[in-house]
Every structure is written in C-alpha cells, then in structure tokens.
Amino acid sequence: MAETKYGHLVKTMPVNEGPKGANAYELIWMFGKDLENFGLNFALGRYEETGIWHPWAGPHVHPTYNECLLFFGHDTDNLDYLGAEFEIALGEEQEKHVFNTPSVVILPKGTPHCPLVTKRIDKSFVHGHIILGADDKVDWWPPDSQPKPTNGSKYNHLIKPLNIQKDPKTTDLVWMTGGQLEGFDLHFAVGLCAETGPWYPGKGAHTHPYDKCLIFLGHDTKKLGYLGAEIEIALGKEGEKHTFNLPTVITVPRGLPHLPPVVKKIEKPFGFIIYNLAPQHELSWVD
C-alpha cells in the first residue's frame, strides 16, 4: 500500500464480542490513544435482550469526566423509532426514569447513574456513549450499597429526545449543542444517509478550531462490522483521498482541512455520528 500522509487518521473500527445478555452482543470501544490523543473515548454496541446491563454491580460514577449516553434504533425508514424501552436510575436518590424513543442521557461528572434496564425490546438497537476524557475512569458502587429507587423529577432535564430534522444532504439528522448538553464542551450530530453523492455539492474543504471525530456505522441488526456503503473523504490541504467500506472513524485534528464525504456506493442506508469537542459549531471554508 502506498504511503500516505493522513492515512493514520482513517481507522476501521474494531468490533469485539460483547458480554451479551442485556449488554452488548458486539462492541466497539475506542480511547484517546486510538484517536490522536483527543480528549474523548466512545463506544458503540449492538443490543438484543432485555434485563439489567450490569447485574454484578450497583450504580457508578465518572468522577472527572462528563458523559453522554445515546440510544437510537436500526429502522432505516424511521430514525424516530427506537424499538425498546429503558429504565435508568439517576443521582444518589436513584431516581427512576423510563423512555422508549431515541434519546440522550446527559451525565455531568460526578453524577451517579444506573442500574440501566432494558424493559422491553421489539428490535435490536444501537447504544453509544461518549466520555469527555481520553480514558474511562469509573467508580463502581457495590451491589449491596444500592439505595432503594425513588420517583421524582429532579433529573428530568438530563434525559432529552433526539429530535429528528429532515436535511437535504441526508435522510434524517439530529444536532445538539453544548447549550443543550449541560454546557459540555461538545456538540454532536447523529444522522442517516440513504443516497450517493457529495454531502455538500460545490463546496470545498473546510476547517474547525476544535478536534472532531466522524463515525460511520451500518444498520445490519446482526453485524456491527457491516457498513453497507463505500465512502470517500479528502484530508489536508493536499486533498489526499481516502476510501473505505467498513465501519470507520476519521479523526480530524483542529485546523486540518477536510472535504465533506462523498458516498460512492450504497447498499443500505448507513448511520453517522459527528462528535465535535466544542460547545458550538464553527466552520471556515478553505479557498
């Protein structure tokens, strides 16, 4: 393979066997060391069963890092469909919250959370998390210290629907900024693409004043390693082109020119997540 300047920024995401049960059947987890030492780590998993996700432990806390939990479905005709129902306990009060639509659970550092229970499942779903730190630091509470769950609304503001918007470049799209995420240094997009061609026809490369990850994943309910498309992206002022057809993450360091993706082939609509390490979107087009 010919040597490239930016090839190290385009990584096929490793798919590992998960714990199964109510937890992931297949799991992708990448840390800052895998992502140009960016201040984040993220996971994506494919889930099939009901039950408690971590039956061996009580709640847990990330003492130094903010976290977001994303829940979305595999239905490529309707990104509003989750296909499952969940209950999560939040805070020291173990306040119970139930949701059954695509949602984000926002967890400021130090917020106790879980148990997380899949109460009902109609169709395999995808769960992902992002932690705003290069690694995962977690304090687990022992199971016998778990307080009795309570009802209440103190933490209602930490669970928000992923409100779907129609977008001409993609089929469906969600944007959420730091102002919607408890002031986190994060804004993200979750979307679905069903057509070939460039995302921004006629536009050139652009840059951002923050680090960014572009994640491309498929919607095969039994195979997390399937993308179902061939995509090209150009990186750097040289416009160095990279093409991939497997679930992939592209790390874009701040200031690096990059072209919007071009979908060259498509077998089945695919999903994407864009994590930007800043509270608001900023973009400069490159001449």
message: Can you go through 58, 83, 73, 21 and tell me which one is of a type in the set (Gly, Ala, Ser), within 25 Å of residue 250 (Cβ to Cβ) and outside the structural domain of residue 272 (by TED's automatic domain parsing)?
response: 73
statement: Of the residues in segment 123-149, those that are surrounded by 13 or more Cβ atoms within 10 Å (Cβ to Cβ) and outside any loop (DSSP other than H, G, I, E, B) number 9
field: Failed item in (1) under 21 Å from the mean Cα position of the chain (by Cα); (2) farther than 25 Å from residue 6 by Cα; (3) modelled with pLDDT under 95, with residue 195 passing the rest
entry: (1)
Among residues of segment 38-63, those that are in contact with a Lys or Arg (Cβ under 7 Å, 6 or more places away or on another chain) and buried (at least 16 other Cβ atoms within 10 Å of the Cβ), counted: 1
- request: Please find, within segment 88-98, the residue that is farthest from residue 118 (Cα to Cα) out of those that are of a type in the set (Asp, Glu) and crowded, with 16+ Cβ neighbours inside 10 Å.
  value: 93
query: With respect to residue 173, is the statement that it is crowded, with 22+ Cβ neighbours inside 10 Å, of a type in the set (A, V, I, L, M) and either outside the structural domain of residue 124 (by TED's automatic domain parsing) or under 15 Å from the mean Cα position of the chain (by Cα) (or both) true?
result: no
message: So if I check each of 101, 118, which one is buried (at least 21 other Cβ atoms within 10 Å of the Cβ) and not aliphatic (A, V, I, L, M)?
response: 118
- prompt: In segment 205-240, what residues are among the β-branched types (Val, Ile, Thr) and more than 19 Å from residue 263 (Cβ to Cβ)?
  reply: 207, 221
- prompt: From the list 204, 183, 218, which one is small (Gly, Ala, Ser), buried (at least 21 other Cβ atoms within 10 Å of the Cβ) and touching a residue at least 40 places away in the same chain (Cβ under 8 Å)?
  reply: 218
statement: Residue pairs qualifying under the 8 Å Cβ cut-off, at least six apart or on distinct chains, with the first in segment 81-92 being modelled with pLDDT under 90 and the second being of a type outside the set (Asp, Glu) and in a strand (DSSP E or B), are 81/73
query: Does residue 21 satisfy being under 27 Å from residue 164 (Cα atoms) and not hydrophobic (A, V, I, L, M, F, W, C)?
result: no
- prompt: For the subset of segment 1-37 comprising residues that are in a strand (DSSP E or B) and touching a Gly at 6+ places or on another chain (Cβ under 6 Å), which member is surrounded by the fewest Cβ atoms within 10 Å (Cβ to Cβ)?
  reply: 26
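Matching residues to (1) surrounded by fewer than 19 Cβ atoms within 10 Å (Cβ to Cβ); (2) without any contact (Cβ under 8 Å) to a residue 12 or more places away in the chain; (3) more than 14 Å from residue 188 (Cβ to Cβ):
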residue	(1), (2), (3)
250	no, no, yes
254	yes, no, yes
269	no, no, yes
276	no, no, no
285	yes, no, yes
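The values are calculated or read from the model by the stated rules, or taken from the named source; none is laboratory data. Computed from a prediction, not measured in an experiment: that's the story for all the values here. Here the Cβ is made from the backbone with ideal geometry for all residues, glycine too, and neighbour counts use every protein chain on show.
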